[in-house]
1. State all residues of the range 233-268 that are under 12 Å from LEU362 (Cβ atoms) and among the β-branched types (Val, Ile, Thr); if no residue qualifies, say none.
2. Only one residue in THR205, THR198, THR191 is touching a strand residue (DSSP E or B) at 6+ places or on another chain (Cβ under 7 Å) and of a type in the set (Val, Ile, Thr). Which one?
3. It is to be established whether one or more residues within the range 298-317 are in contact with a helix residue (DSSP H, G or I) (Cβ under 9 Å, 6 or more places away or on another chain), among the β-branched types (Val, Ile, Thr) and closer than 25 Å to SER27 by Cβ.
4. Could you list, ordered by first residue, the pairs with Cβ atoms under 9 Å in which the first is in the range 269-292 and closer than 13 Å to ARG345 by Cα and touching a residue at least 60 places away in the same chain (Cβ under 8 Å) and the second is among the basic types (Lys, Arg) and surrounded by fewer than 19 Cβ atoms within 10 Å (Cβ to Cβ), at least 6 apart or interchain?
5. Kindly evaluate ASP35 against the criterion of being in a helix (DSSP H, G or I), modelled with pLDDT of 90 or more and open to solvent by 50 Å² or more (accessible area, probe 1.4 Å).
6. Only one of LYS132, LYS108 is surrounded by fewer than 18 Cβ atoms within 10 Å (Cβ to Cβ), in contact (Cβ under 8 Å) with a residue 12 or more places away in the chain, touching a Lys or Arg at 6+ places or on another chain (Cβ under 8 Å) and closer than 19 Å to ALA164 by Cβ; which?
7. Being under 23 Å from LYS56 (Cα atoms), open to solvent by 20 Å² or more (accessible area, probe 1.4 Å) and touching a residue at least 60 places away in the same chain (Cβ under 8 Å) narrows it down to one of ARG175, ARG195, ARG184, so name that one.
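The values are calculated or read from the model by the stated rules, or taken from the named source; none is laboratory data. Since the model is a prediction, treat every value here as computed from it, not as a measurement. Methodologically, a virtual Cβ is constructed for each residue, glycine included, from the backbone with ideal geometry; neighbour enumeration extends over all protein chains shown. With ligands, DNA and RNA removed, areas are computed over all heavy atoms of the protein, side chains included. Shrake-Rupley method; radii C 1.70, N 1.55, O 1.52, S 1.80 Å.
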Amino acid sequence: MSDDAPQPDRIDGARHPRDTPQLFGQSAAEAAFLDAFNSGKLHHGWLLTGPRGVGKATLAWRIARFLLATPDAEDGGMFDTPAPTSLDIDPDHPVARRIAAGGEGALKAITRSVDEKTKRLRKQIVVDDIRKLNGFFQMSAADGGRRVVIVDDADLMNPNAANALLKMLEEPPARAIMLLISHRPSGLLPTIRSRCRTLRLGTLTPDHMAQALGQSEVDIQGDPAALAALSGGSVGGALSLSLMGGLAMYGELVALLDTMPRLDRARALKLAEAAAARGAEEKLSLLFTLVDLLMLRLARTGALGRPPETAAAPNEAAVLTRLSPTPAQGRVWAETAQDIGTRARHGMAVNLDPAALVLDTLFKMGDAAPR
């Protein structure tokens, strides 16, 4: 894939998972895979699951490099060679160099492809994307080595694509390993899940989040701890928030919340107009995501009797405590969040005026605030 081609498995402005030097916070998943490798019981299908942005794709590429660069006994490995204890591969290894250059013939990555008619990325992985693997397996089988396939992400396969992949999992080619990345494994065919071994990845701790953000090529805007709090321990989510100015937007929402129950209408209108500007569709979607998150934090503050440990905006703890002082008020915020979410999804689906939709949301939040 050329550098200027669309890359649906990469956050704009951030490293591709293939090029991410280290994986933080997922040592248990790495150890589980190494145990299978060292025991000689390497399954042909692996399902990498967990929340978005916690390193599933990075782990898949690490596994791919490891498998293609690490011989086992039947590949002619030397006797008494110690079992590997890490998935790390020297960047100067020929396999690592070929993968970095996109020229490793024993590796195939399946993502959403470009529709030749519209010249845009498809919304799904289609059956022709999966059928490409037939030629890949035939062409790469001559040397008898391993072949590795990464599907990112498997949740986006349409029914025909899923059935085509299932057939390959049922009758896997010799020496082939398939790595399926899934954010919502419950949505996959049960027969696909049953033919894969699952590696579950968890959310990152604040320390691991800081390390992961530190190795990114993104100029992080804002407090990493606040990004971690808003992203729920997802590096990908934190990077997206940073790139789109999410912390500043969330801070403005908290500041508006602080004016409730008497909403500062002029400030609300300014926010609505900014989110409704031409070409700001992603900003509008982010705004509603942050509104939902803010109300969730309000609901939890009321239910637990205390605000979250990590504040994501200036004065947030005081605002949440004032506006959600009791479990009963927490339930009000939870119900309001559900109502606002439904109205927002409907409004965007039928192309209601974005500014009016944002103002309606803020007014409803004002109505929910305690007097």
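1. Matches in the range 233-268: THR259 only.
2. Numbers: THR205 fails: touching a strand residue (DSSP E or B) at 6+ places or on another chain (Cβ under 7 Å); THR191 fails: touching a strand residue (DSSP E or B) at 6+ places or on another chain (Cβ under 7 Å).
Within the list THR205, THR198, THR191, the selection yields THR198.
3. Within the range 298-317, the first condition is being in contact with a helix residue (DSSP H, G or I) (Cβ under 9 Å, 6 or more places away or on another chain), and the residues that meet it are 298-317.
If we keep only those that are among the β-branched types (Val, Ile, Thr) too, we end up with 301, 310.
Subset that is closer than 25 Å to SER27 by Cβ: 310.
There is at least one residue in the range 298-317 that is in contact with a helix residue (DSSP H, G or I) (Cβ under 9 Å, 6 or more places away or on another chain), among the β-branched types (Val, Ile, Thr) and closer than 25 Å to SER27 by Cβ.
4. Note: pairs meeting the criteria are PHE288/ARG345.
5. Details: in a helix (DSSP H, G or I): yes; modelled with pLDDT of 90 or more: yes; open to solvent by 50 Å² or more (accessible area, probe 1.4 Å): yes.
Criteria met by ASP35.
6. Working: LYS108 fails: surrounded by fewer than 18 Cβ atoms within 10 Å (Cβ to Cβ).
Within the list LYS132, LYS108, the selection yields LYS132.
7. Values: ARG175 fails: touching a residue at least 60 places away in the same chain (Cβ under 8 Å); ARG184 fails: touching a residue at least 60 places away in the same chain (Cβ under 8 Å).
Going through ARG175, ARG195, ARG184 in turn, just one is under 23 Å from LYS56 (Cα atoms), open to solvent by 20 Å² or more (accessible area, probe 1.4 Å) and touching a residue at least 60 places away in the same chain (Cβ under 8 Å): ARG195.
Table: residues versus (1) in a helix (DSSP H, G or I); (2) at pLDDT 95 or above; (3) open to solvent by 20 Å² or more (accessible area, probe 1.4 Å).
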{"site": "PRO8", "(1), (2), (3)": "no, no, yes"}
{"site": "GLY25", "(1), (2), (3)": "no, no, yes"}
{"site": "ALA31", "(1), (2), (3)": "yes, yes, yes"}
{"site": "LEU48", "(1), (2), (3)": "no, yes, no"}
{"site": "LEU59", "(1), (2), (3)": "yes, yes, no"}
{"site": "PHE66", "(1), (2), (3)": "yes, yes, no"}
{"site": "PRO71", "(1), (2), (3)": "no, no, yes"}
{"site": "THR85", "(1), (2), (3)": "no, no, yes"}
{"site": "ILE89", "(1), (2), (3)": "no, yes, yes"}
